[in-house]
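> Have a look at this one.
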Amino acid sequence: MDFSNCWLDYRPMEIKEQALSALSVLCEGEIIESAVKEYQLALSRMTGREPEVFREKTNRCVALYLEPLLPIGKDGYEIKKEKDSYHITGQSESGVLYGVFHFLRLIRTGHMDELPVSNAPEMPLRMMNHWDNMDGTIERGYSGNSFFYENYEILYNERIEQYVRLMASIGINAIVINNVNVHQRETYLITDTYLEQVKQYAALFARYGIQLFTSVNFAAPMELSGFDNCDPLNDKVAQWWKDAVKHIYEVIPEFGGFLVKADSEGRPGPFTYDRTHADGANMLAKALAPYGGIVVWRCFVYNCGQDWRDKKTDRARAAYDNFIALDGQFEDNVILQIKNGPMDFQVREPVSPLFGGLKKTNMILEVEIAQEYTGQQIDLCYLLPMWREILDFDTFSEGEGSTVRQIVKGAQYGQNCCGMAAVINTGNDYNWTGNDLAAANTYGYGRMAMNPSLTSEAIAKEWIELTFGAAVADDLTKILMDSWPTYEKYTSPLGIGWMVTPHYHYGPDVDGYEYDRWGTYHRADRNGLGIDRTPAGTGYTAQYNEPWSAIYADRNLCPEELLLFFHYVRYDEVLKSGKTLIQHIYDTHFEGVEEVEEMIERFDGLQNKLPGDVYDRVRERMERQLENAIEWRDRINTYFYRKSGVPDEKGRKIYE
Ligand code: GCU
């Protein structure tokens with residue numbers, strides 16, 4: 001099977017309805033032309049016949065309309081059947097394109113009975129962050145090398161075009177083309193060294209309704225122009241940025257803006273000059289504002305030079321502590337990009353308290369599609385259920401109902417500069433995402449940002465039907481839906497995180513980060529484990545609004561899946577299930593491996609229903625997942641058995 005088309009695989013199918021073979025284009029624009037091309041391509045692949053395109057009204061056709069007054073929301077669309085024709089009406093050109101992609105999905109999956117539909121993207125910004133470097137590597141990339149860069153050159157080929165189509169089809173409207181860690185050569189991306197080539201990307205993106213962003217180096221004036229500082233309150237530095245931005249827009253009028261990682265993990269930033277992050281972000285924002293550009297400023301700022309002996313400093317507190325006092329100080333075109341949890345994309349974390357803290361600041365939720373800590377696209381881990389929990393989390397910032405979803409879609413405080421951003425999981429692997437099934441996360445992210453009312457299950461099913469067909473939908477949906485809980489079971493218990501191989505982040509190493517500088521400890525001893533983040537401990541729980549601050553601080557009320565994140569718990573303490581903590585650890589680790597075995601069995605049942613190459617590739621990953629799960633089970637169980645001396649009640653094999 002040619003998997004390079006992913007969910008835009010338009011396998012041949014029988015289409016009887018005559019109306020579908022004529023397209024009547026009653027609007028104009030370059031994005032509209034992309035919509036027309038998509039329709040033509042899809043129909044000719046599915047039916048073997050090119051649909052006829054008319055630039056006027058005809059009978060029995062699919063008609064495209066643009067109606068800016070359509071009362072439906074920005075970039076929304078409506079699809080309905082009228083007499084013998086289908087009408088796709090967009091509120092904007094992008095709306096028409098999204099409508100066409102939706103219509104094609106309905107045809108492909110045989111769900112035309114869902115018409116009429118009307119939809120508008122819920123998250124204003126639906127952004128992808130690439131962590132691609134210009135040498136061709138991808139930071140935390142598990143699907144080969146970059147398809148944007150090779151050997152410090154910018155590539156332009158069919159794959160880029162294919163990629164842009166895939167992104168537009170799931171509603172992505174902003175793409176950052178380089179890693180947040182901006183290295184030496186990438187600093188030049190916003191200069192004449194590369195701008196003409198970046199422009200080619202920007203123009204292609206624009207044809208599909210997507211804006212191009214770059215990550216920038218806060219110290220660019222020093223690295224590029226020999227400045228001796230990059231103090232954001234230095235007029236000369238501010239002028240340097242104004243000039244740089246002016247030039248960018250001369251070359252690329254549709255440029256989106258900058259993503260910035262400052263004062264984080266060794267990156268330069270305003271702290272060096274005793275300035276705040278508002279000073280830093282605002283300087284860039286003022287340079288971008290005249291052109292409608294924005295600054296996306298990351299809140300992943302913490303002390304990464306911690307001493308494990310110090311139990312007071314708590315990395316979880318850092319984002320809130322660094323940003324809360326700046327609420328209301330940012331320019332209108334600054335968005336703070338906040339990771340979903342207070343640590344770093346672990347398999348289970350509480351939701352970052354910043355979402356419920358900031359009230360006068362634009363915010364965007366950052367998630368990681370790349371499975372850095374969740375199996376690296378070897379192990380299966382469908383992340384939509386996790387993201388759904390995050391979006392549904394009620395921050396109580398303005399009483400009940402102030403969910404993360406309300407906040408980042410701009411409904412809580414009326415912002416329109418907000419949304420979702422994700423670290424993407426693609427590379428130049430033939431199947432784009434290493435594990436064929438990991439594309440469910442790529443697809444699902446876009447669909448969820450467009451429409452968070454869709455369930456994770458519905459999205460999984462939709463992706464499977466588009467990619468592989470309906471015959472495998474039930475089994476594969478089950479496999480996907482079970483995968484996050486299973487992964488959680490065989491890895492670190494109850495929200496503690498970090499028991500991974502340092503640096504690589506795949507596979508177990510219980511003490512790998514225990515005596516390191518990154519602020520990532522589990523504090524296991526012979527009596528128990530966990531971090532006391534209550535007021536008696538690091539005080540982190542106080543960063544939440546009530547009732548969460550009280551709930552998290554109370555050992556008995558704290559949601560159990562996060563127990564060890566918030567509390568130090570003895571091995572013999574009894575959980576709600578009636579099991580002791582140590583027994584819970586043993587049981588979940590045995591169960592995790594059993595569930596992987598069951599998953600493989602279920603998957604084997606699909607052997608004859610899946611294309612052979614897909615089956616082989618996924619099956620090979622599943623073998624590796626099983627090995628990994630066994631290694632996790634045995635290391636974790638042995639570690640805690642050695643610490644506690646408590647045997648497994650069920651007498652299963654735990655190595656001494
Ligand atoms: C994680 C990841 C890094 C990345 C960082 C970030 O720590 O391991 O590779 O640079 O997040 O989000 O900036």
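The values are calculated or read from the model by the stated rules, or taken from the named source; none is laboratory data. Source: prediction; values computed, not measured. Here Cβ is always computed from backbone atoms with ideal geometry, including for glycine, and neighbour counts include all displayed protein chains. Keep in mind that these areas ignore ligands, DNA and RNA; they rest on the heavy atoms of the full protein, side chains included. Shrake-Rupley method; radii C 1.70, N 1.55, O 1.52, S 1.80 Å.
> Could you list, in sequence order, the residues of the range 141-168 that are within 16 Å of the ligand (Cβ to nearest atom) and closer than 28 Å to residue 102 by Cα?
Once the filter is applied, which keeps residues that are within 16 Å of the ligand (Cβ to nearest atom) and closer than 28 Å to residue 102 by Cα, the range 141-168 yields only 143.
> Further, regarding this structure: Pairs please, first residue from the range 250-265 and within 30 Å of residue 306 (Cβ to Cβ) and open to solvent by 10 Å² or more (accessible area, probe 1.4 Å), second anywhere and part of a helix (DSSP H, G or I) and of a type in the set (A, V, I, L, M, F, W, C), Cβ atoms under 8 Å, 6+ apart in sequence or on different chains.
263/271
> In addition: Report whether or not residue 138 is of a type outside the set (S, T, N, Q), within 15 Å of the ligand (Cβ to nearest atom) and over 26 Å from residue 452 (Cβ atoms).
Yes, satisfied.
> For the range 76-101, what are the residues that are open to solvent by less than 20 Å² (accessible area, probe 1.4 Å) and within 26 Å of the chain's Cα centre (by Cα)?
Those that are open to solvent by less than 20 Å² (accessible area, probe 1.4 Å) and within 26 Å of the chain's Cα centre (by Cα): 76, 77, 94, 95, 96, 97, 98, 99, 100, 101.
> Just give me the residues in the range 199-218 being without any contact (Cβ under 8 Å) to a residue 60 or more places away in the chain and in contact with a Ser or Thr (Cβ under 8 Å, 6 or more places away or on another chain), in sequence order.
217 - this is the single residue of the range 199-218 that is without any contact (Cβ under 8 Å) to a residue 60 or more places away in the chain and in contact with a Ser or Thr (Cβ under 8 Å, 6 or more places away or on another chain).
> Right, here's the next one. Would you kindly identify the strands (runs of 3 or more DSSP E) lying entirely within the range 78-132 that contain at least 3 residues that are closer than 16 Å to residue 449 by Cβ?
Answer list for the range 78-132: 125-129.
> Sticking with this one: Please go through the range 390-402 and pick out each residue that is surrounded by fewer than 21 Cβ atoms within 10 Å (Cβ to Cβ) and in a loop (DSSP other than H, G, I, E, B).
The answer is 393, 396, 398, 400, 401.
> Is it the case that the range 211-222 has a residue that's open to solvent by 40 Å² or more (accessible area, probe 1.4 Å) and either assigned to a loop (DSSP other than H, G, I, E, B) or more than 30 Å from residue 274 (Cα to Cα) (or both)?
Checked the range 211-222: at least one residue is open to solvent by 40 Å² or more (accessible area, probe 1.4 Å) and either assigned to a loop (DSSP other than H, G, I, E, B) or more than 30 Å from residue 274 (Cα to Cα) (or both).
> Let me ask something else. Any idea which residue in the range 9-33 is least open to solvent (accessible area, probe 1.4 Å), counting only those that are in contact with a Leu (Cβ under 6 Å, 6 or more places away or on another chain) and outside any loop (DSSP other than H, G, I, E, B)?
Checking each candidate, the answer is 25.
> Please specify each residue of the range 173-189 satisfying the condition of being away from the ligand (no atom under 16 Å from the Cβ) and either of a type in the set (Lys, Arg) or under 13 Å from residue 139 (Cβ atoms) (or both).
Answer for the range 173-189, where residues must be away from the ligand (no atom under 16 Å from the Cβ) and either of a type in the set (Lys, Arg) or under 13 Å from residue 139 (Cβ atoms) (or both): just 185.
> Scan the range 304-332 for residues that are small (Gly, Ala, Ser), farther than 15 Å from residue 358 by Cα and either within 13 Å of the ligand (Cβ to nearest atom) or within 25 Å of the chain's Cα centre (by Cα) (or both) and jot them down.
Once the filter is applied, which keeps residues that are small (Gly, Ala, Ser), farther than 15 Å from residue 358 by Cα and either within 13 Å of the ligand (Cβ to nearest atom) or within 25 Å of the chain's Cα centre (by Cα) (or both), the range 304-332 yields only 316.
> Right, something else. Pick out the one residue from 296, 301 that is within 16 Å of the ligand (Cβ to nearest atom), open to solvent by less than 50 Å² (accessible area, probe 1.4 Å) and in a loop (DSSP other than H, G, I, E, B).
Within the list 296, 301, the selection yields 301.
> Residue check: is residue 335 away from the ligand (no atom under 14 Å from the Cβ) and within 19 Å of residue 421 (Cα to Cα)?
Yes, satisfied.
> Give 244, 287, 278 a once-over and let me know the one that is over 10 Å from residue 218 (Cβ atoms) and under 27 Å from the mean Cα position of the chain (by Cα).
278
> Output the residues belonging to the range 404-443 that are over 14 Å from residue 361 (Cα atoms), touching a Cys at 6+ places or on another chain (Cβ under 9 Å) and β-branched (Val, Ile, Thr).
Answer for the range 404-443, where residues must be over 14 Å from residue 361 (Cα atoms), touching a Cys at 6+ places or on another chain (Cβ under 9 Å) and β-branched (Val, Ile, Thr): 433, 442.
> Give me the pairs: first residue in the range 37-62 and surrounded by fewer than 15 Cβ atoms within 10 Å (Cβ to Cβ), second residue among the charged types (D, E, K, R), beta-carbon distance under 6 Å, and six or more apart or on different chains, which are they?
44/50
For (1) buried (at least 23 other Cβ atoms within 10 Å of the Cβ); (2) within 13 Å of the ligand (Cβ to nearest atom), each residue gets a yes or a no:
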{"position": "351", "(1), (2)": "yes, no"}
{"position": "354", "(1), (2)": "yes, no"}
{"position": "358", "(1), (2)": "yes, no"}
{"position": "372", "(1), (2)": "yes, yes"}
{"position": "378", "(1), (2)": "no, no"}
{"position": "381", "(1), (2)": "yes, no"}
{"position": "384", "(1), (2)": "yes, no"}
{"position": "388", "(1), (2)": "no, no"}
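> In this structure, is residue 200 modelled with pLDDT of 95 or more, among the polar types (S, T, N, Q), over 30 Å from residue 33 (Cβ atoms) and not in a strand (DSSP E or B)?
no
> Do we find a residue being at pLDDT 95 or above, within 27 Å of residue 419 (Cβ to Cβ) and not in a strand (DSSP E or B) anywhere in the range 52-65?
no
> Another question, if that's okay. Considering each of 535, 508, 559, 502 in turn, give the residue that is free of Cβ contacts under 8 Å to residues at least 24 places away in the same chain and touching an Asp or Glu at 6+ places or on another chain (Cβ under 7 Å).
Within the list 535, 508, 559, 502, the selection yields 502.
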